[in-house]
Amino acid sequence: TAPVPVVAIDGPSASGKGTVAARVAEALGYHYLDSGSLYRLVALAAMRAGVPLDDEGRVAREAARLDVRFEGARVWLSGEDVTDLIREEICSVGASRVAALPAVRDALLDRQRDFRRAPGLVAEGRDIGSVIFPDASPKFFLTASVEVRAERRYKQLMEKGLPAKLESLSKDLAERDARDAARTVAPLKKLPDAVLLETSDSGVEEAVAFVLNEVGRAPG
Ligand code: CDP
Ligand code: CDP
């Protein structure tokens, strides 16, 4: 039997991966994986357990025993709805730190691969096409300038009534991008077999249409 199809969307922070991937999944009737939320959840769980975010062994243990439930657009950690909490800046920064630890990434591998179920999966993150689902097709690298991305994240947080300052957001974003691109395990980069989608001057609708068009064309 043919493997369950996976559409991979990787890219830097606030490039629109989550919004675009969720919309594409809906249009195709596929499952959806927001892999970044797992790193955010690990950071939150570790902070709550008083585990230092650079203690690789202990953070990896938190990752392995993460009690998480996804339902629609909401996520629960140990029975508590933490959907909005994990979007706060402290969890963004924490996620970026724990994501640099190889043992933490390993601990989340199977959990991510479990999302691959019929009829298909749209998964987004940093290493979906490189590490999690190297056989995904098609693969996308979604990006936009750092200024545009900082504006997007700022608006998004304001709309949710979450605390945000544009200058610190912008600086933070650039720092996380640098950390993601520089780390030795699963660094963020455009793969040779990924389709580049630059969205600095275009909206969500265009990106969704572009991805769906490529999916229609993908072999298999
Ligand atoms: O929303 P944003 O794109 O800023 O972040 P996210 O996708 O929720 O991911 C949070 C952090 O987790 C990122 O800054 C990455 O460092 C890390 N991450 C990763 O290393 N690998 C993934 N597949 C997804 C996220
Ligand atoms: O998942 P990621 O961090 O890459 O980004 P996101 O949370 O999906 O998108 C950040 C914000 O940018 C959302 O509010 C999107 O609606 C918006 N966006 C946009 O304005 N134009 C695009 N071409 C893509 C996303």
Quiz item: Considering only 137, 66, 218, whose Cα is most displaced toward the positive end of the charge dipole of the chain, charges sitting on Cβ of Lys, Arg (+1) and Asp, Glu (-1)?
Solution: 66
Quiz item: Give or take rounding to whole Å, what are the principal axis extents of the alpha carbon atoms in segment 18-115, in descending order?
Solution: 41, 24, 22
Quiz item: What do the square roots of 5 times the Cα gyration tensor eigenvalues come to for segment 68-194, in whole Å, largest first, as semi-axes of the equivalent ellipsoid?
Solution: 24, 20, 15
Quiz item: Pairs 139/189; 155/190; 139/190; 17/190: which are spaced more than 18 Å apart, C-alpha to C-alpha?
Solution: 155/190
Quiz prompt | ³J(HN,Hα) computed for each position of segment 123-139 - Karplus, 6.51 cos²θ - 1.76 cosθ + 1.60, integer Hz, glycine/proline x | solution = 10, 10, x, 10, 10, 5, x, 8, 10, 6, 10, x, 8, 4, 7, x, 10
Exercise. Give the percent of DSSP beta bridges with both residues in the chain that are antiparallel, rounded to the nearest 5.
Key: 25 percent
Practice problem: Would you mind checking the radius of gyration and Dmax of the chain based on alpha-carbon positions, in Å? | Solution: 16.5, 51
Quiz item: Each residue of segment 19-25 in order: what ³J(HN,Hα) in whole Hz does its phi give by Karplus 6.51 cos²θ - 1.76 cosθ + 1.60, θ = phi - 60°, with x for Gly and Pro?
Solution: 4, 5, 4, 5, 5, 5, 4
Self-check item: Debye, to nearest 20: dipole size of the chain, +1 on Lys, Arg Cβ, -1 on Asp, Glu Cβ
Solution: 300 debye
Quiz item: Based on the Cβ-Cβ distance of residue 93 and residue 4, what FRET efficiency does E = 1/(1 + (r/R0)^6) give at R0 = 35 Å, to the nearest 0.05?
Solution: 0.55
Quiz item: Length gain on complete extension for the stretch residue 185 to residue 22, per 0.36 nm per residue less the alpha carbon to alpha carbon distance?
Solution: 56.1 nm
Practice problem: Provide the gained length on full extension for the span residue 73 to residue 178, in nm with one decimal, where the gain is 0.36 nm per separating residue minus the Cα-Cα distance. | Solution: 35.0 nm
Quiz item: On average, how much accessible surface per residue is there in segment 28-175, in Å², for a 1.4 Å probe, leaving out ligands, DNA and RNA?
Solution: 46 Å²
Self-check item: 12 Å reach of a label modelled at residue 131, 7 Å along Cα-to-Cβ, counting backbone N of segment 1-36
Solution: 36
Practice problem: Enumerate the calculated ³J(HN,Hα) couplings along segment 148-161 in order (Karplus 6.51 cos²θ - 1.76 cosθ + 1.60, θ = phi - 60°), each rounded to whole Hz, writing x wherever the residue is Gly or Pro. | Solution: 4, 5, 5, 4, 4, 5, 4, 4, 4, 5, 4, 4, 8, x
Quiz prompt | Cut-off under 5 Å, modelled amide H: who pairs with residue 9 long-range | solution = 123, 124, 125, 140
Practice problem: Based on the mean of other Cβ atoms within 10 Å per residue, sort peptides 175-187, 67-79 so the most packed one is first. | Solution: 175-187, 67-79
Practice problem: Using all C-alpha to C-alpha distances in segment 1-48, build P(r) with 10 Å bins and read off the rounded percent in each one. | Solution: 22, 42, 27, 8, 0
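The values are calculated or read from the model by the stated rules, or taken from the named source; none is laboratory data. Here the structure is a predicted model, which is why all the values come from computation and not from measurement. Glycine gets a Cβ as well: all are built from the backbone with ideal geometry, and neighbour counts include every protein chain shown. Only protein heavy atoms, including side chains, enter the accessible area calculation; ligands, DNA and RNA are left aside. Shrake-Rupley method; radii C 1.70, N 1.55, O 1.52, S 1.80 Å.
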